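Down below is the structure, laid out as structure tokens.
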Amino acid sequence: MTLIDGKQTAADIKKEIAAEVEKMVAQGMRRPHLAAILVGHDGGSETYVASKVKACHECGFESSLLRFEDNITEAELLKAVDDLNNNPEVDGFIVQLPLPRHIDEQRVIEAVDPAKDVDGFHPINVGKLSIGLPGFRSATPAGIIELLRRYHIPTRGKHCVVIGRSNIVGKPVAQLMLHKGDVGDATVTICHSASENLPEIVRQADIIIAAVGRPGFVTADMVKDGATVIDVGTTRVPDATRKSGFRLSGDVDFDSVAPKCAYITPVPGGVGPMTICSLMLNTLQAAHQRNT
Ligand code: L34
């Protein structure tokens, strides 16, 4: 069993990005600039956004963090989005999800200029992804593909079973695995909460991508010997033995599943750090596009 080290891979990629940024700056271009909007004080969102700001620093990017309280109106948030759309100093920006319930998330996503949508959530970028045109790829799926590439895990002709059908992970990662290319060319099945015989389907997988957000959902009996398992889940589970009062739990029952696998990602330290470094790659791409 090989443990896929997302933390180290992300660190390597951030170094590559930093080197490229210094080259850009030497050529007289300005540094890439990522802005993030954070609404409210959700613990996970706070952590993830702080990691994104830190990653900007590591990559030599400019970063801006715009914070708003939970009671911001939808109109105010849309105005903040519009300001970033029109700010020539900002190459790309994200609105961290989830948003408070009184705000229509989809409306906010669609207000982002697709050319600055480094999350890849705007329907224009989702559409481009689905037909294989260049555009911003959603960060978690792009990070998963990069892990498979860097670990030389064969995907061509393999059966990839994706568990979960979210717009952010399940659907886009299934598209990427399906595309022609060095990572891709897989036979893809998407399972979800209404799937009959889910364990039986997952058992057929050469590659399992678990993105359901249910701790320990994938158990050893669902995993074929020699499978590759990618765990996207990062659920906070109460844990009195930790200083923080919680621990992160993946969608995979790691201890029982790992011994059966050829490759497996840990939680934490697997897909999460790759999500952040894919966002950096998208921002670099946005900066190049605005400099040309
Ligand atoms: N707009 N909203 C927007 N874009 C995104 O790309 C996200 N996502 C998801 C939630 N909402 C979003 C993230 O950033 C999930 N996500 C994310 C990012 C980073 C990590 C996990 C999820 C991450 O770094 N996880 C670490 C552990 C961090 C911790 O200690 O909590 C890991 O090693 O898995």
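No lab work stands behind these numbers, since they all come straight from the coordinates. Just so you know, these numbers come straight off a predicted model, no measurement behind them. Every residue, glycine as well, gets a Cβ built from its backbone with ideal geometry; the counts of neighbours run over all protein chains shown.
Things worth noting here:
- Given charges at Cβ of Lys, Arg, Asp, Glu: the chain dipole, positive-most of Leu3, Cys277, Val108: Leu3
- Acute angle (nearest 10 degrees) that the helix 74-85 long axis makes with the longest principal axis of the chain, alpha-carbon atoms: 80 degrees
- Each of His102, His192 was scored by other Cβ atoms within 10 Å of its Cβ. Arranged with the fewest first, they read His102, His192.
- For region 164-174, 3J(HN,Hα) computed residue by residue from phi via the Karplus equation (6.51, -1.76, 1.60; θ = phi - 60°) reads x, 10, 6, 5, 8, 10, x, 5, x, 5, 4 Hz, glycine and proline entered as x.
- Partner lysines for Lys260 [C-alpha distance under 19 Å; skip if fewer than 8 residues away on the same chain]: Lys158, Lys224
- Nitroxide proxy distance, nm - points 7 Å out along Cα→Cβ at Glu16 and Glu89: 3.1 nm
- Within a Gaussian network of the chain (alpha carbon springs, distance under 10 Å), most fluctuating of Ala210, Ala115, Ala19: Ala19
- When peptides 72-78, 195-201 are ranked by their average number of other Cβ atoms within 10 Å per residue, the highest-first order is 72-78, 195-201.
- Of the trypsin sites (Lys or Arg not before Pro) in region 20-117, those whose Cβ has at most 15 other Cβ within 10 Å and which sit in DSSP loop: Arg30, Arg101
- Antiparallel beta bridges, as assigned by DSSP with both residues in the chain, represent about 10 percent of the total such bridges.
- Within a Gaussian network of the chain (alpha carbon springs, distance under 10 Å), most fluctuating of Ile144, Ile131, Ile207: Ile131
- Relative contact order (%) - region 94-201, alpha-carbon pairs under 8 angstrom, separation at least six: 20 percent
- Proxy reagent accessibility, fewest Cβ within 10 Å first, across His41, His122, His159: His41, His159, His122
- When Phe254, Phe61 are sorted by how many other C-beta atoms sit within 10 angstrom of their C-beta, beginning with the fewest, the order is Phe254, Phe61.
- ³J(HN,Hα), Karplus 6.51/-1.76/1.60, whole Hz, each residue of region 183-189, x for Gly, Pro: 10, x, 6, 8, 8, 10, 10
- Rounded to 5, the percent of DSSP beta bridges in region 154-292 classed as antiparallel: 20 percent
- Pair Leu78, Arg242: separation of 7 Å Cα→Cβ label points (nm): 3.8 nm
- Shown is the FRET efficiency for Ser64 and Ser130, computed with R0 = 35 Å from the Cβ-Cβ distance and rounded to the nearest 0.05: 0.70.
- Sequence-ordered 3J(HN,Hα) estimates for region 19-35 from the Karplus curve with 6.51, -1.76 and 1.60 and θ = phi - 60° stand at 5, 5, 5, 5, 5, 4, 5, 4, 7, x, 7, 7, 5, x, 10, 10, 10 Hz, glycine and proline given as x.
- Relative contact order computed over region 171-292 (Cα-Cα under 8 Å; 6+ residues apart), in percent: 19 percent
- The distance separating the Cα centre of region 179-256 from that of region 105-134 comes to 26 Å.
- Within straight-line cross-link reach of Lys79, lysines at Cα separation under 25 Å, skipping those fewer than 8 residues along the same chain: Lys52, Lys116
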